[in-house]
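The values are calculated or read from the model by the stated rules, or taken from the named source; none is laboratory data. Note that the coordinates shown come from a computational prediction; the quantities given were computed from them, not determined experimentally. Cβ coordinates were reconstructed from backbone atoms using ideal geometry, including for glycine residues, and neighbour counts include every protein chain displayed.
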Amino acid sequence: MTRRDTTTRRATTMAAARAAGDQAEPPAPGWRRLMLRVAGAGLLIGTGAIHLDLYLTGYRSIPTIGWLFLLQVITAFGLALAVLAIPSRFVAASRLAAAAGAGFAVATLGGYLLSVWFGLFGFKEARTTAGIVAGLVEVAAFVVLAAMALAPPPAGSTAKAPARFLTQIPPAITRTAGMAAEGLAVAALVLLGVAVAEAGAAAPAATGTGLTTTTIGGTTVLTNAKGFTLYSFAPDIPTASKCYGNCAVYWPPVTGTAVAGSGLPGRISTIKRTDGSLQLTYNGHPLYTYIGDSAPGQARGNNLNLYGGLWREVHVSR
């Protein structure tokens, strides 16, 4: 081989290397990828923790919704572990974990929005602080994990086909995907804001003129005019309710005025809540419905120990 041939081959190799370098993504600083990993995993843990709290404080008794919440908790913690544990040098696996986490976050938010607007599996979500916070955390998780999935690989990363595409994503595709992710994040925030603005807290379930009874499991229980079971809360006293905030969203107080001659054997009265509304009581027990009861004749809230005390269906002795 002549000296000229050697020089020509070297020049050709250097030109090809420069061309490949122009098409490859610049390496990402290690600290940036580490911050994205930690933040993404933390946000997934955050949404998982919120759903776990909701599951334990009432959602577990709601058919279908209950086990879906439990599945969300398990998935969130599992994805958080994957995002945090897979080293950045395993670029393809790390990107797949981040992409799965981002997809999970936006899918969970979508489920919440559908539940607020239309209801899911017979259950319509009410506006709560926990739901709003969870929605914001999920948007943030999507943004961070999408950025992690699209971030340039560490310097020196290599991969064999078919994982090469995941390791060296063409810059044009990265830019397009990044713009799509930004647009989706903005749309998610807008939709969350609209949902929160339109959603209301659970409406009062009955008035004093609508109290009646039904039989559930061989026991006569107090219900509202629509046949929904009414409950008492153990920490309450005859003159005051102890259920406010999120508790009152999941266990809506029965408001109205006492009515004589309703045909019930017990004593109907009222107490004043902190917002000035009147809440009905029966034999000294302030009355509530349960958001988990989706149809008359259900008593899914009976014997639940939530929000600091035991909930019981109100029995009526004839």
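Laid out as a table, the results:
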| read-out | value |
| --- | --- |
| Among (1) in contact with a strand residue (DSSP E or B) (Cβ under 9 Å, 6 or more places away or on another chain); (2) modelled with pLDDT of 90 or more - the single one residue 57 does not satisfy | (2) |
| Breaking point among (1) surrounded by 14 or more Cβ atoms within 10 Å (Cβ to Cβ); (2) in contact with a helix residue (DSSP H, G or I) (Cβ under 6 Å, 6 or more places away or on another chain), for residue 257 | (1) |
| Residue under evaluation residue 128, criteria (1) under 24 Å from residue 35 (Cβ atoms); (2) at pLDDT 75 or above; (3) of a type in the set (Val, Ile, Thr), criterion not met | (1) |
| Qualifying residue in the range 80-103 (condition: in the same structural domain as residue 183 (by TED's automatic domain parsing) and closer than 26 Å to residue 308 by Cβ) | no |
| Boolean, residue 172 is assigned by TED's automatic domain parsing to the domain that holds residue 87, buried (at least 16 other Cβ atoms within 10 Å of the Cβ), in a helix (DSSP H, G or I) and at pLDDT 75 or above | no |
| Subset of the range 278-318 [among the hydrophobic types (A, V, I, L, M, F, W, C) and out of contact with any Gly (no Cβ under 9 Å at 6 or more places or on another chain)] | 287, 310 |
| Count of residues meeting criterion [part of a helix (DSSP H, G or I), touching a Ser or Thr at 6+ places or on another chain (Cβ under 7 Å) and surrounded by fewer than 17 Cβ atoms within 10 Å (Cβ to Cβ)] in the range 105-121 | 0 |
| Selection count, the range 229-242, where residues are within 25 Å of residue 216 (Cα to Cα) and in a loop (DSSP other than H, G, I, E, B) | 4 |
| Filter result for the condition that a residue is in contact with a helix residue (DSSP H, G or I) (Cβ under 6 Å, 6 or more places away or on another chain), modelled with pLDDT under 95 and in a helix (DSSP H, G or I), over 41, 76, 92, 102 | 92 |
| Residue 137 being in the same structural domain as residue 185 (by TED's automatic domain parsing), surrounded by 20 or more Cβ atoms within 10 Å (Cβ to Cβ) and in contact (Cβ under 8 Å) with a residue 40 or more places away in the chain | yes |
| Checklist (1) at pLDDT 70 or above; (2) within 20 Å of residue 61 (Cα to Cα) applied to residue 202, failing item | (1) |
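Let's see how each residue does on (1) assigned to a loop (DSSP other than H, G, I, E, B); (2) in the same structural domain as residue 65 (by TED's automatic domain parsing); (3) at pLDDT below 85; (4) touching a strand residue (DSSP E or B) at 6+ places or on another chain (Cβ under 8 Å):
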position: 257; (1), (2), (3), (4): yes, no, yes, yes
position: 271; (1), (2), (3), (4): no, no, no, yes
position: 280; (1), (2), (3), (4): no, no, no, yes
position: 290; (1), (2), (3), (4): yes, no, no, yes
position: 295; (1), (2), (3), (4): yes, no, no, no
position: 299; (1), (2), (3), (4): yes, no, no, yes
